[in-house]
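The values are calculated or read from the model by the stated rules, or taken from the named source; none is laboratory data. Treat the numbers as computed from the prediction; the structure is a model and nothing was measured. Cβ placement follows ideal geometry from the backbone for every residue including glycine, while neighbour counts extend to all protein chains displayed. With ligands, DNA and RNA removed, areas are computed over all heavy atoms of the protein, side chains included. Shrake-Rupley method; radii C 1.70, N 1.55, O 1.52, S 1.80 Å.
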Amino acid sequence: RTDAEGLYLAWLLREFANRNVRVTLIGFSFGGRVATGAMHALAGGKLGGRVLPGEHVQGANISVGLIAPALEDDWLRKGSYHGMASVNMTQLSVLYNRRDAVLRRYWLLDAVRGSMALGYTGPKGIAPRFDGSSVPVMARDCSPSLGIRHDEQQYYSQDCRAGKQLAKLLESSY
């Protein structure tokens with residue numbers, strides 16, 4: 001279902017890009033998977049074997065914030081499942097938790113032992129932007145304040161201060 005939602009969001013992002021509307025995406029858990037999938041599809045990548053019909057956009061300069069993202073930790077690398085997402089990224093912020101009890105078992109989704117969630121490990125590598133430059137990445141392990149919880153509200157209310165970090169994305173977008 002996240003692939004289908006990613007395609008819908010990619011269509012909306014294309015409409016915003018065509019109207020020169022600045023956008024910042026923030027996604028928690030599977031919302032992060034939808035957000036990066038949409039960015040990938042917007043650039044012309046496939047999701048679930050489908051592509052966004054019509055023209056593709058590259059260089060849209062969208063800031064992305066991911067909180068405990070439920071997508072594989074290598075999907076944002078060049079040539080990976082969401083490897084074209086970075087083509088439209090201005091910057092990326094990832095808040096993760098190395099003790100998250102839910103994301104620790106992420107590999108059970110696809111039954112591929114060894115696959116780890118980005119929200120559990122933190123970023124392992126990000127493909128370059130449209131111009132070939134590196135995407136500025138801010139990553140923070142929030143496990144000291146969250147423990148084993150997979151709870152979005154805790155990212156905002158505990159010492160991780162997700163609201164403050166994600167507000168920086170919004171400020172830099174405008």
Restricting to region 3-27, name every residue that is open to solvent by 50 Å² or more (accessible area, probe 1.4 Å) and closer than 22 Å to A117 by Cα. E5, I26
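Being closer than 16 Å to L66 by Cα, open to solvent by less than 50 Å² (accessible area, probe 1.4 Å) and either hydrophobic (A, V, I, L, M, F, W, C) or in contact with a Gly (Cβ under 6 Å, 6 or more places away or on another chain) (or both) narrows it down to one residue among M116, M89; which is it?
Details: M116 fails: open to solvent by less than 50 Å² (accessible area, probe 1.4 Å).
Testing whether each residue is closer than 16 Å to L66 by Cα, open to solvent by less than 50 Å² (accessible area, probe 1.4 Å) and either hydrophobic (A, V, I, L, M, F, W, C) or in contact with a Gly (Cβ under 6 Å, 6 or more places away or on another chain) (or both) leaves just M89.
Residue by residue, here is whether (1) in a strand (DSSP E or B); (2) modelled with pLDDT under 90; (3) surrounded by 15 or more Cβ atoms within 10 Å (Cβ to Cβ); (4) not hydrophobic (A, V, I, L, M, F, W, C) holds:
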position: P128; (1), (2), (3), (4): no, no, no, yes
position: V135; (1), (2), (3), (4): no, no, yes, no
position: R140; (1), (2), (3), (4): yes, no, yes, yes
position: I148; (1), (2), (3), (4): no, no, no, no
position: G163; (1), (2), (3), (4): no, yes, no, yes
position: L169; (1), (2), (3), (4): no, yes, yes, no
From the list L42, L47, L76, pick out the single residue that is touching a residue at least 12 places away in the same chain (Cβ under 8 Å) and in contact with an Asp or Glu (Cβ under 7 Å, 6 or more places away or on another chain). L47
